[in-house]
Amino acid sequence: MLQFKLVLLGDSSVGKSSIVHRFVKDSFDEFRESTIGAAFLSQSIKLDEDDTVIKFEIWDTAGQERYKSLAPMYYRNANAALVVYDITASDSLSKAQSWVEELKNKVADDKLVICLVGNKLDLCQEDSGKRSVEISDAKQYADEQGLLFFEVSAKTGEKVNDVFKSIGESLYSYKKEELLSKSEQNGTNTHGQVDLQLQKPATSDPTSCCT
Amino acid sequence: MEFDESYIDRPIKVKSSIERLPNLNENNDTLTLSISSSSHPTTSINLDQTLFQSRLQQPSQSLSQSNSAHVYNDIETISSSVPSILTRDNNFYNELASITTSNNINSWKRSFVSNEIPNVFKPFSDEFLTTSNSSSNNDDISNYDKNFLFLTSAGKPIYSTFGKDEQLVSIMGLINTIIHFFRINASKELKTIKFLNSNFVFLNRSPIILLAYSRLGETTTELIDQLDFLYSYLISSISERQILRLFDKRDNFDLRNFLEVSDFENLDQICYMISNKFYPDLYLGSLQCLTLKHSSIRKKTHELMIKNLLMDSDLPRGTLLYGLLVYPENKLVSVLRPKGHTLHTTDLHLLLCLIFNRFNNQDNNQELWVPICFPKFNANGFLYAYINFLSSKNNKPSSRGTSSASNIKNSNNDKNCPALVLISAQKDMFHPLKVLAESFINELTESGLLDKITTYNGFKMSDVPAPFVHHFIYKSKKHVQYITPEVDHNMFINQMPNFEISYASYELKLKTYYQQLYNSIMNGSTGGPLSKSILNFMQWSISPESHQEPDISEDMQNSFLKEESPNIMGLAWVTPTFELYLICNNGIVDKDVIFKSAKNIANWCRKNEARLFVTEGAVY
Ligand SMILES: Nc1nc2c(ncn2[C@@H]2O[C@H](COP(=O)(O)OP(=O)(O)OP(=O)(O)O)[C@@H](O)[C@H]2O)c(=O)[nH]1
Ligand SMILES: [Mg+2]
């Protein structure tokens, strides 16, 4: 099993918590309250490739401006970031873009997987007049920046699992590269052993955060 | 112990009650209590200020319980008994000590316990029985009997519980003018304006001014406490330093732009709770403690806290400041704390409100990491709370009454999940604390303690040898905690489609009885109790003459269907070690009997102290 840390960023009420809950509990709450501080959850998925099980340790952060200064604490050690905007609110995309920039500037790990996610697709399927971010614009931006990109609906669940699966696949392919180059150096190690060694310190390791 | 009949107060009108007082001194011998003539009762209910007088002219809106569906429009005066403030002499305690457990147990078990107490108060309007925001169909501010408003010292509106925005702006402008008028012309802080039944109370926490407005008979002290709590909430969310900094730059800063939706929601929740729920925590300045079946459960939980959260941890000392196990409805289960330090009750009230009002519908597969400023701990800095809702996975939802009745209590959440809270001053301690929490929770679950905590549903009135007492609150001063019997939800079952309303109105009724009882022993001007030791009986009843007004003969046939007329006695008993407030069954007015039960309660609480209260906690 591989363990990765994932953080969700984005403006308040774009649906970060809703996406996480769709992914973790396969449920949706119309009246979800705005997140205070941050919530920590985990969920595992199985990739088609090699039957690999990937466990995500997820930080669902608060989008409220007040908590912005705490964000580095959550993305600092992340392997993946899910940057969410609301496709019915165009200013939420610019907020997402500024998160992408911040991640690129502040996270040293060049293997950080960033996924741009436009949420509330169901609203535009009901009434296309509600859309205020064109899919082509967002897609173009994502391509330029080398981001994964999806439009999803936490409400209907459409594409939500695909987001996590595709992040998992990217992370796994990075990990395989790493393993290959490592085992070329060391020669004899079997896969299983290397897996454990190469993992970033699990979040459950008490030493990982206090130094 | 014999009582002189004449000691027992009869329902009389308030004005005469004060005149009757001196007589009490002559009659007190039989009680072997001395009445301090110095502590004259300022405690009689002044009906002009209470809510029931003029309002009672309206027929009740059928919100009262079906079995007490009394129309109180014939009440002219609700009489309060002569409040008797008694100070203790030594005999008092001797007496208390002499009450042994040899009470005839059968007698109280057999005693009739009425399930319902009548409502002598103004029929509660819908606004109070439904959640705060649902009554937005009529936003006119004058429609509300109670409201909280905050504005900045420069007169900018910040928050109001009820009311339309446009209306508020002009009202707040007016308030601001009045406040400034007093400041300039009398160089005095305006504290309160009383007008007919209305009480306006101001609290100046420059740069924020808070105003409470109530037509519900609440005292100035009560309203100030409530405002202070609301202000504490603001601090807990943004810290005092931040507030000052924001206004430092600009006097006319608009704080609304800085507050988040969640702040307004939380304020609404707190206002709703302190206005409508049975929440004596605030005026008692204490926390409710979860009663356990055996004291060993708490003891073992504390041992596990020490072991798993401290001994087995290699974190630097002081990383974990406090550990709390808390239970829905703002109850304390166990506490881990440094020697010589306790968290202030206001801070704990805020924390518990946040946990159980804000996060109560969170599912328990997530852990939270929440920055919170504890105003009394340090109003300028933030602490970080690790919060984990424990699920006792093999636990069925507890069986409180029928399942539907238990939903009243846990409408969002039909499991009684305690929450573990670990508090640190360091913002990046989540993961280390999570590790400690997991090992603690594991052992708590495996040892079966968690099940024992979640399956016991507190004690019932019938567990206490206190005949004729309907309900009580016992506060242990040493522990700054109180306990109260669980309300038997079965008594709402027969009000089936409406039991949610029934329960809410019962809660509000209970709250009002206790509030008036409590206020009867409070010094209106200083806010403290009138004396260190107080025994005060209070009676709510319909005065005989007004009761006879309606044509009884006409109603004769139905009269047996009607409930007996309300005649409720309450007792407030304050000693240096505890405070006891109790409400008797309707019609029980024999003070001898009541005081005997009161002593039984005090004895029972003392005997069961360890399972009723967190006595020491896990101290490190
Ligand atoms: N129609 C629709 N509504 C959604 C969707 N996702 C979320 N919402 C609603 O949008 C609101 C905000 O969702 P949240 O998940 O709380 O947003 P958030 O990003 O976590 O917000 P913060 O916690 O404040 O940062 C809620 O009322 C959701 O019910 C969606 O896919 N479709
Ligand atoms: Mg959220």
### Message
Which count do you get for residues in segment A:71-90 that are away from ligand 1 (no atom under 11 Å from the Cβ), more than 14 Å from every other protein chain (Cβ to nearest Cβ) and out of contact with any Phe, Trp or Tyr (no Cβ under 9 Å at 6 or more places or on another chain)?
### Response
1
## Note on the structure
When A:LEU123 is run through (1) away from chain B (no Cβ under 14 Å); (2) crowded, with 19+ Cβ neighbours inside 10 Å, the failure sits at (2)
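Look through segment A:1-12, keep the residues that are within 13 Å of the chain's Cα centre (by Cα) and more than 13 Å from chain B (Cβ to nearest Cβ), and return whichever of them is farthest from ligand 1 (Cβ to nearest atom).
Going through segment A:1-12, the residues within 13 Å of the chain's Cα centre (by Cα) turn out to be A:4-10.
Okay, now just the ones that are also more than 13 Å from chain B (Cβ to nearest Cβ), so A:4, A:6, A:9-10.
Working: A:PHE4: 21, A:LEU6: 15, A:LEU9: 9, A:GLY10: 6 Å.
Among residues in segment A:1-12 that are within 13 Å of the chain's Cα centre (by Cα) and more than 13 Å from chain B (Cβ to nearest Cβ), the one farthest from ligand 1 (Cβ to nearest atom) is A:PHE4.
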### Message
Looking at A:LEU47, A:LEU70, A:LEU93, can you tell me which residue is hydrophobic (A, V, I, L, M, F, W, C) and at pLDDT 95 or above?
### Response
A:LEU93
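Here is a yes/no grid of residues against (1) assigned to a helix (DSSP H, G or I); (2) hydrophobic (A, V, I, L, M, F, W, C); (3) in the same structural domain as B:SER505 (by the TED database):
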| site | (1), (2), (3) |
| --- | --- |
| B:LEU267 | yes, yes, no |
| B:HIS302 | yes, no, no |
| B:ASP314 | no, no, no |
| B:LEU320 | no, yes, no |
| B:GLU329 | no, no, no |
| B:SER334 | no, no, no |
| B:HIS341 | no, no, no |
| B:LEU348 | yes, yes, no |
| B:LEU351 | yes, yes, no |
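Test B:SER198 against the stated conditions and say whether it is at pLDDT below 90, of a type outside the set (A, V, I, L, M, F, W, C) and on the phi > 0 side of the Ramachandran plot.
Details: at pLDDT below 90: yes; of a type outside the set (A, V, I, L, M, F, W, C): yes; on the phi > 0 side of the Ramachandran plot: no.
So B:SER198 does not fit the description; no.
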### Task
May I ask you to list the residues in segment B:220-266 that are within 14 Å of chain A (Cβ to nearest Cβ), of a type in the set (S, T, N, Q) and farther than 27 Å from B:SER286 by Cα?
B:GLN242, B:ASN257
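Yes or no: segment A:120-131 includes at least one residue that is within 15 Å of the chain's Cα centre (by Cα), closer than 22 Å to A:PHE164 by Cα and within 11 Å of ligand 1 (Cβ to nearest atom).
Residues of segment A:120-131 within 15 Å of the chain's Cα centre (by Cα): none.
No, segment A:120-131 has no match at all.
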#### Entry: Conditions (1) within 13 Å of ligand 2 (Cβ to nearest atom); (2) in contact with an Asp or Glu (Cβ under 7 Å, 6 or more places away or on another chain): number failed by A:MET73
(1)
### Message
I need every pair where a residue in segment A:31-42 that is within 9 Å of ligand 2 (Cβ to nearest atom) has its Cβ under 6 Å from the Cβ of a residue that is among the acidic types (Asp, Glu), sequence separation at least 6 or different chains.
### Response
A:ALA39/A:ASP60
### Query
Limited to segment B:571-620, what total is found for residues that are farther than 13 Å from B:HIS471 by Cα, within 22 Å of the chain's Cα centre (by Cα) and among the small types (Gly, Ala, Ser)?
1
### Summary
Among residues of segment A:3-23 being under 20 Å from B:HIS431 (Cα atoms) and out of contact with any Lys or Arg (no Cβ under 6 Å at 6 or more places or on another chain), the residue farthest from ligand 2 (Cβ to nearest atom) is A:PHE4
### Query
Looking at this structure, is B:SER236 surrounded by fewer than 17 Cβ atoms within 10 Å (Cβ to Cβ) and either assigned to a helix (DSSP H, G or I) or in the same structural domain as B:TYR513 (by the TED database) (or both)?
no
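May I ask you to verify whether A:ASP51 is surrounded by fewer than 20 Cβ atoms within 10 Å (Cβ to Cβ) and within 16 Å of ligand 2 (Cβ to nearest atom)? Don't jump to the end; show me each part of the working.
Working: surrounded by fewer than 20 Cβ atoms within 10 Å (Cβ to Cβ): yes; within 16 Å of ligand 2 (Cβ to nearest atom): no.
Taking the combined requirement at face value, the residue does not satisfy it.
Rundown of residues vs (1) surrounded by fewer than 18 Cβ atoms within 10 Å (Cβ to Cβ); (2) modelled with pLDDT under 95; (3) among the hydrophobic types (A, V, I, L, M, F, W, C), yes/no style:
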site: B:PRO418; (1), (2), (3): no, yes, no
site: B:ALA437; (1), (2), (3): no, no, yes
site: B:ILE453; (1), (2), (3): no, yes, yes
site: B:TYR456; (1), (2), (3): yes, yes, no
#### Entry: Considering residues of segment A:13-36 that are surrounded by fewer than 21 Cβ atoms within 10 Å (Cβ to Cβ) and small (Gly, Ala, Ser) only, the residue farthest from ligand 1 (Cβ to nearest atom)
A:SER27
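Give the residue, chosen from A:ALA80, A:ALA108, that is under 14 Å from A:ILE167 (Cβ atoms) and either surrounded by fewer than 16 Cβ atoms within 10 Å (Cβ to Cβ) or more than 16 Å from ligand 2 (Cβ to nearest atom) (or both). Explain how you work it out, then say what you get.
Values: A:ALA108 fails: under 14 Å from A:ILE167 (Cβ atoms).
Being under 14 Å from A:ILE167 (Cβ atoms) and either surrounded by fewer than 16 Cβ atoms within 10 Å (Cβ to Cβ) or more than 16 Å from ligand 2 (Cβ to nearest atom) (or both) holds for just one of A:ALA80, A:ALA108, which is A:ALA80.
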### Query
For segment A:13-70, what are the residues that are in a helix (DSSP H, G or I), more than 9 Å from chain B (Cβ to nearest Cβ) and more than 27 Å from B:ARG256 (Cβ to Cβ)?
A:ILE19, A:ARG22, A:PHE23, A:GLU49, A:ASP50, A:ASP51
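The values are calculated or read from the model by the stated rules, or taken from the named source; none is laboratory data. It should be emphasised that the depicted structure is a prediction, and the values quoted were computed from it without experimental measurement. Cβ: placed from backbone, ideal geometry, glycine included. Neighbour counts: every protein chain shown.
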